[in-house]
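Asks: I have a structure I would like to understand better, so I am pasting it below and will then ask my questions one at a time.
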Amino acid sequence: MADIIWALATSHVPSIGAAMDNNKTTDPYWQPLFDGYAPARKWMADNTPDVAIVVYNDHANAIDLDIVPTFSIGTAEEYPVADEGWGRRPIPPVLGAPELSEHLVKELIDDGFDITVCRELEVDHGLTVPLSVYCPDPGQTWPCPVIPVIVNVIQYPQPTAQRCYALGQALGKAVRSYPDGLKVAIFGTGGMSHQLAGARAGLINEPFDRMFLRAIETDPQSLAVLTREDYVREAGSEGIELIMWLVMRGALDEKITRIHEAYHVPASNTAAAIALFDNGVHDGSGSPIRM
């Protein structure tokens, strides 16, 4: 059976990708952030998955704001990189894993989640920046195929944190039911605290962010019970993106091992973080085998 071997939580701030594309990662403003990525990148490079599931939100690039599905999954062979207004990033297109994607769609629908299927999809910084955090120098192709899972965090009402956590649990079960022995990684993207407009523009709430980084490992249910209003109040209007980390966490085992964590303020007026978790590999009895 397939299994989720590790998970990455990471901010997807577009300027992080721009800093990489324009060779600014050693500039004084950016170097502390990228230094924080280094240990995780080395570990992930030594533990390449067969497929990565990336949970992210589109930023009105592929999905019209007049029709916003709550949860969507891409099932394409390939995902072109979106032009977000200043040209496409100089990175490879993203190859898909359509057979596993179709399996996940069926299993999740059978489990009570109404999934929108995206047979064609351009992917924006919500997905490509996390891939660059994972692999800064992909060359002609990324290390593995990718399955995009899109969550609406833009238009009210967004899914609740509890529903995102439940989606993750169902997603983990669906992955494990796939008959081929694939090694899967899952990314939860977005956040941390930030607000881009309004009276609280520029908001950073480091105590909340630090609490979230602890609880996502050891007590995700305490984060799942928080309301939309809780997230917006504590983390800002865009900080509600953190509910996508709960999809990732729900897909993992109850007990996970933190490999690396880094937190940096600010990255383009955003609190940016990375957290890498080893989920272990399972033998036929379901017992975890540490990597």
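Asks: Share of Cα-Cα pairs in the range 15-133 beyond 18 Å, in percent?
Replies: Working: 4177 of 7021 pairs.
Of the Cα pairs, 59 percent sit more than 18 Å apart.
Asks: Nearest 5 percent is fine: what portion of the DSSP beta bridges confined to the range 3-284 is antiparallel?
Replies: On the way: 17 of 38 bridges.
The answer is about 45 percent antiparallel.
Asks: I'd like the projected area of the range 1-54, averaged over all directions, using the convex hull of its alpha carbons. Report it in nm² with one decimal. Spell out each step's value before the answer.
Replies: Numbers: hull surface 18.0 nm².
Result: a mean projected hull area of 4.5 nm².
Asks: Which value in Å is the Kirkwood Rh of the range 114-256 over different Cα pairs? Each step should come with its number before you reach the end.
Replies: Values: mean 1/r = 0.0611 Å⁻¹.
Kirkwood hydrodynamic radius for the range 114-256: 16.4 Å.
Asks: Counting other C-beta atoms within 10 Å, which of 192, 20 has the fewest, and how do the rest follow? The partial results should precede the final answer.
Replies: On the way: 192 29, 20 20.
Lowest to highest Cβ neighbour count: 20, 192.
Asks: What number, rounded to the nearest 500 deg cm²/dmol, is the helix-based mean residue ellipticity at 222 nm of the chain, given -39500 (n - 2.57) per DSSP H run of at least four residues and division by all its residues? Numbers along the way, then the final one.
Replies: Values: 9 runs with 96 residues, N = 291.
Computed mean residue ellipticity for the chain: -10000 deg cm²/dmol.
Asks: Just to be sure I understand: with springs between alpha-carbon atoms less than 10 Å apart, which residue in 132, 222, 11 has the highest mean-square fluctuation in the Gaussian network model of the chain?
Replies: Comparing 132, 222, 11 in the GNM, the peak value goes to 222.
Asks: Taking neighbour Cβ counts within 10 Å as the exposure measure, how do 79, 231 sort from fewest upward? Write out the running numbers ahead of the final one.
Replies: Details: 79 23, 231 26.
Fewest to most other Cβ atoms nearby, the residues stand as 79, 231.
Asks: Across the chain, how many lysine pairs separated by 8 or more positions, or lying on different chains, have Cα atoms within less than 29 Å?
Replies: Number of lysine pairs found: 10.
Asks: Using a Gaussian network model of the chain whose springs link C-alpha atoms within less than 10 Å, name the residue from 228, 176, 214 with the highest mean-square fluctuation.
Replies: Of the options given, 214 has the highest mean-square fluctuation.
Asks: Further, regarding this structure: Quick one: grab the alpha carbon gyration tensor of the range 174-262, order the square roots of its eigenvalues as a ≥ b ≥ c, and give me rounded if a/c is under 1.5, else prolate or oblate depending on whether a/b is larger than b/c. Write out the running numbers ahead of the final one.
Replies: On the way: a/c = 2.35, a/b = 2.08, b/c = 1.13.
Prolate, since a/c reaches 1.5 and a/b exceeds b/c.
Asks: Pick out which of 264, 125, 194 has the largest mean-square fluctuation in a Gaussian network model of the chain, springs linking Cα atoms closer than 10 Å.
Replies: Top of the fluctuation ranking is 264.
Laboratory data are not the source of any read-out in this text; all were calculated from the coordinates shown. Only a predicted model underlies this, so the values are computations on that prediction, with no experimental measurement involved. All Cβ positions, glycine included, derive from the backbone under ideal geometry; neighbour counts span all protein chains shown.
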